[in-house]
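The next block holds one structure in the form of structure tokens; read it before the comments.
The values are calculated or read from the model by the stated rules, or taken from the named source; none is laboratory data. Since this is a predicted model, take the numbers as computed values, not measurements. Cβ sites come from the backbone with ideal geometry, for glycine too, and all protein chains shown count toward neighbours.
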Amino acid sequence: MAERSIASRREADAWIEAGWVRVNGRVAVLGQRVRGDETITVDPAARQEQARRVTILLHKPLGYVSAQAEDGHPPAVTLLTPANRWADDRGLPWHPGHARGLAPAGRLDIDSTGLLVLTQDGRVARHLIGEDSDVEKEYLVRVEPIAPGAFAADGLERLRHGLELDGQQLRPARVSWANEDQLRFVLREGRKRQIRRMCELVGLKVVALKRVRIGSVVLGKLPPGQWRYLRDDERF
């Protein structure tokens, strides 16, 4: 197929795996040899699928890194298999090409869980993590004092506004108590380990951190370690 300029080798493999390639009217198989006089046809669905760039929502569990493998810990993209797809997902039919070229639009630390967006669409990535991005990210953060009395009376107000990281003023945040040991953070920026470092500055230690919303897209009932497609009616 590559020699006939029908597709690249990678595209051809994906299309054959999906059953979209026929040789003389019969479904092709990987590794099949084709003579020069045989006719190769490709289902139009292959071209349509190629043109579509997908965005996937993953409930990242502990122990996975957002991007490339690090210190022996696997990247989150390795969870994107048909077996890990959420049973309640009503999105696109699975295709192996959907797992290629995915990049995380934002990060979650190895010891954090929750909603992680992986996308093939540069427009989505720029909207979520571009320099001028103003998309809200919401987190539930379980905390405890670093030492008795370490969390000062003005700690909550300082978390909302007034803290600096790396010599730069942080944007105002919405921070409130969700219950007696859990804070709710709503941020419009994403510095490295930002929430953990913010909490340390006011005398709190983060025990658990979970991202539950990005823009108007919520984690909802998506189970840990499973994924689903971003629906056509959803917008960040």
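Summary of computed values
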read-out	value
Tally of residues being exposed (fewer than 10 other Cβ atoms within 10 Å of the Cβ), at pLDDT 80 or above and among the polar types (S, T, N, Q) across region 1-55	1
Qualifying positions in region 7-39 - touching a helix residue (DSSP H, G or I) at 6+ places or on another chain (Cβ under 6 Å) and touching a residue at least 60 places away in the same chain (Cβ under 8 Å)	14, 17
Wholly enclosed strands (runs of 3 or more DSSP E) of region 1-88 bearing at least 3 residues of a type in the set (A, V, I, L, M) and closer than 30 Å to residue 212 by Cβ	55-60
Qualifying positions in region 92-102 - surrounded by fewer than 19 Cβ atoms within 10 Å (Cβ to Cβ), assigned to a loop (DSSP other than H, G, I, E, B), touching a residue at least 24 places away in the same chain (Cβ under 8 Å) and not charged (D, E, K, R)	92
Qualifying positions in region 176-188 - within 21 Å of residue 127 (Cα to Cα) and crowded, with 16+ Cβ neighbours inside 10 Å	185, 187
Subset of region 103-134 [in a loop (DSSP other than H, G, I, E, B) and basic (Lys, Arg)]	107
Residue selected from region 150-164 under the condition under 12 Å from residue 176 (Cα atoms) and either in contact (Cβ under 8 Å) with a residue 24 or more places away in the chain or of a type in the set (A, V, I, L, M) (or both), by the criterion surrounded by the most Cβ atoms within 10 Å (Cβ to Cβ)	159
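Residues checked against (1) under 28 Å from the mean Cα position of the chain (by Cα); (2) closer than 23 Å to residue 216 by Cα; (3) modelled with pLDDT of 95 or more:
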residue: 134; (1), (2), (3): yes, yes, no
residue: 143; (1), (2), (3): yes, no, yes
residue: 152; (1), (2), (3): no, no, no
residue: 168; (1), (2), (3): yes, no, no
